[in-house]
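Shown next, in structure tokens, is the structure this report addresses.
The values are calculated or read from the model by the stated rules, or taken from the named source; none is laboratory data. All values reported here derive from a predicted model rather than from experimental measurement. When we count neighbours, we look across all protein chains shown, and the Cβ atoms used for this are built from the backbone with ideal geometry, even at glycine. Protein only, heavy atoms only, side chains kept; ligands, DNA and RNA dropped before computing areas. Shrake-Rupley method; radii C 1.70, N 1.55, O 1.52, S 1.80 Å.
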Amino acid sequence: MEERRFKEEELVELGTRLLLTSGMKKEHAVTIAKDLVAADMRGLYSHGISRIPMYLKRIDCKCVKPNPDIKVEQVAAAVLKVNGDDGMGFLVAHKAVEAGIKLAEKTGIAMVGCNHSTHYGMAALYVKQAVEAGYCCMVYTNSSPALPVYGGRTVFLGAAPFAAGMVGGYESPAYILDMAMTKTARGKIRVAMINNEPIAEGLALDSEGNPTTDAKKAFEGVCLPFGGPKGAALAMLMDMLAGMYTDSNYAGDVSSLYYRFDEPQNLGHIIFIMKADMFMNLDEYKKKMDIYYKRLKALPKAAGVDEILMPGEPEDRKTEESRKNGILISENIQESLYIECGKRNVPCEDILGIMEIDQGHNAGNVVFEK
């Protein structure tokens, strides 16, 4: 068996079938499956359907509620608090953006703090949700320990992704930024581990504090922040703002998404939603965005650079390529999903085909072994 390309609807259907075994409502299973496949389509395989077995295990162990009672409370004129009731972070964050947009229609800007949430996948999902509704947006989250503070040698801070979006113009795309504070997303190291691939030098340390290119040792060790003290300081801000400030777990207390199955994470997110026409009318804003984009594209290019791109453009192009030619899924990720379907009596041969599983490395379990 080799890596294969799948249609978007095939992977959404497979993901939905698996997620429904958790007991969650179909509309929620479809939402999460679409979100995961959207990440795969953007080339962010670390946040795609490869995570489904781990998410299901967390629901099985009662760390995550399949059907949470998510509550939204207005705590100030332009501020909302969302209690996620230990539900899937996808559902919590989508609800937060939806509620924030409704408030920002009246107030111009809204801040939404979420607690009792869990991992919410690709942060760009929520920025894009706001941008597609005509709002600029910033999204912060904290996460389980993955990197050290500057000068430390043990994990303390999360990878703490930050995402931001600006509404596009008439002839220009939206600005979509989604980045972790690590040199590479920890989820990418996890995918390399599943696929038995090495990682580049300088990205991580093993559990003894030594540099490593072994993905499994790196995943069990320490990710390194980008920019040294700058990345570490930004990760600290994410933990304080999205975690401590929202009354979520923080300062090393967010339990591991991959190795702890005995308690909810109580993860925190904070989201800022702003009307695009706060300081000028929308027509002027869009025209200015077009000017910005034209100037950006016309800038002199550095040696070896063919084209200057807006943040989000490479991922949009990858999405279009995936939609046209199919989504490339590795052999081991296919195998992990096939194994999970077998465990849960989920029919999948119509999508994945019939596989002969190599029980020697069992890709479906490797993410849960320390």
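What about V167, is it open to solvent by 40 Å² or more (accessible area, probe 1.4 Å), touching a residue at least 60 places away in the same chain (Cβ under 8 Å) and touching a strand residue (DSSP E or B) at 6+ places or on another chain (Cβ under 8 Å)? When the stated conditions are applied, V167 does not pass them. Residue count for the range 317-367, restricted to those that are in contact with a Lys or Arg (Cβ under 7 Å, 6 or more places away or on another chain) and modelled with pLDDT under 90: 1. Here T212 passes the criteria (1) open to solvent by 30 Å² or more (accessible area, probe 1.4 Å); (2) without any contact (Cβ under 8 Å) to a residue 40 or more places away in the chain; (3) among the polar types (S, T, N, Q) except the one numbered (1). Just so you know, in the range 71-127 the residues that are in a loop (DSSP other than H, G, I, E, B) and of a type in the set (S, T, Y) include one that is nearest to P161 (Cα to Cα), and it is Y120.
Residues K230, K275, K287: which one is farther than 25 Å from V139 by Cβ and not aromatic (F, W, Y)? So that I can check it myself, show each step before the final result.
Numbers: K230 fails: farther than 25 Å from V139 by Cβ; K275 fails: farther than 25 Å from V139 by Cβ.
The conditions single out K287.
Yes or no: the range 285-300 includes at least one residue that is in a helix (DSSP H, G or I), in contact with a helix residue (DSSP H, G or I) (Cβ under 8 Å, 6 or more places away or on another chain) and acidic (D, E). Within the range 285-300 (the criterion being in a helix (DSSP H, G or I), in contact with a helix residue (DSSP H, G or I) (Cβ under 8 Å, 6 or more places away or on another chain) and acidic (D, E)), the answer is no, since none of the residues qualifies.
Can you find a residue that is touching a Cys at 6+ places or on another chain (Cβ under 7 Å) and buried (at least 16 other Cβ atoms within 10 Å of the Cβ) anywhere in the range 236-256? Break it down stepwise before answering.
Residues of the range 236-256 that are touching a Cys at 6+ places or on another chain (Cβ under 7 Å), as a first pass: 246.
Narrowing further to those that are buried (at least 16 other Cβ atoms within 10 Å of the Cβ): 246.
Looking for residues that are touching a Cys at 6+ places or on another chain (Cβ under 7 Å) and buried (at least 16 other Cβ atoms within 10 Å of the Cβ), one finds at least one in the range 236-256, hence yes.
Note on the range 7-33: residues that are surrounded by 21 or more Cβ atoms within 10 Å (Cβ to Cβ) and over 21 Å from the mean Cα position of the chain (by Cα) amount to 0.
Just one residue in the set G108, G100 is crowded, with 20+ Cβ neighbours inside 10 Å, in contact (Cβ under 8 Å) with a residue 60 or more places away in the chain and touching a strand residue (DSSP E or B) at 6+ places or on another chain (Cβ under 8 Å); that residue is G100. A residue that is of a type in the set (D, E) and closer than 18 Å to S330 by Cβ can be found somewhere in the range 7-23. The set of residues in the range 54-70 being touching a residue at least 40 places away in the same chain (Cβ under 8 Å), part of a loop (DSSP other than H, G, I, E, B) and open to solvent by 60 Å² or more (accessible area, probe 1.4 Å) consists of N67 alone. In the range 229-252, what count of residues is obtained for those that are closer than 21 Å to F90 by Cα and in a loop (DSSP other than H, G, I, E, B)? Selection size over the range 229-252: 6.
Quick check: is even one residue across the range 266-288 touching a Pro at 6+ places or on another chain (Cβ under 8 Å) and open to solvent by less than 60 Å² (accessible area, probe 1.4 Å)? Within the range 266-288, not a single residue is touching a Pro at 6+ places or on another chain (Cβ under 8 Å) and open to solvent by less than 60 Å² (accessible area, probe 1.4 Å). Of everything listed in (1) in contact with a strand residue (DSSP E or B) (Cβ under 9 Å, 6 or more places away or on another chain); (2) modelled with pLDDT of 95 or more, the single unmet condition for S143 is (2).
The set of residues in the range 185-200 that are touching a helix residue (DSSP H, G or I) at 6+ places or on another chain (Cβ under 6 Å), open to solvent by less than 60 Å² (accessible area, probe 1.4 Å) and in a helix (DSSP H, G or I) comprises G187, I189, R190, V191, A192, M193, I194. Restricting attention to the range 289-306, the residues that are within 29 Å of the chain's Cα centre (by Cα), open to solvent by less than 80 Å² (accessible area, probe 1.4 Å) and not basic (K, R) total 5. Checked against (1) assigned to a helix (DSSP H, G or I); (2) at positive phi, G304 passes all but condition (1).
Determine, yes or no, whether A29 is small (G, A, S), without any contact (Cβ under 8 Å) to a residue 24 or more places away in the chain, closer than 21 Å to E9 by Cα and in a helix (DSSP H, G or I). Answer is yes for this residue.
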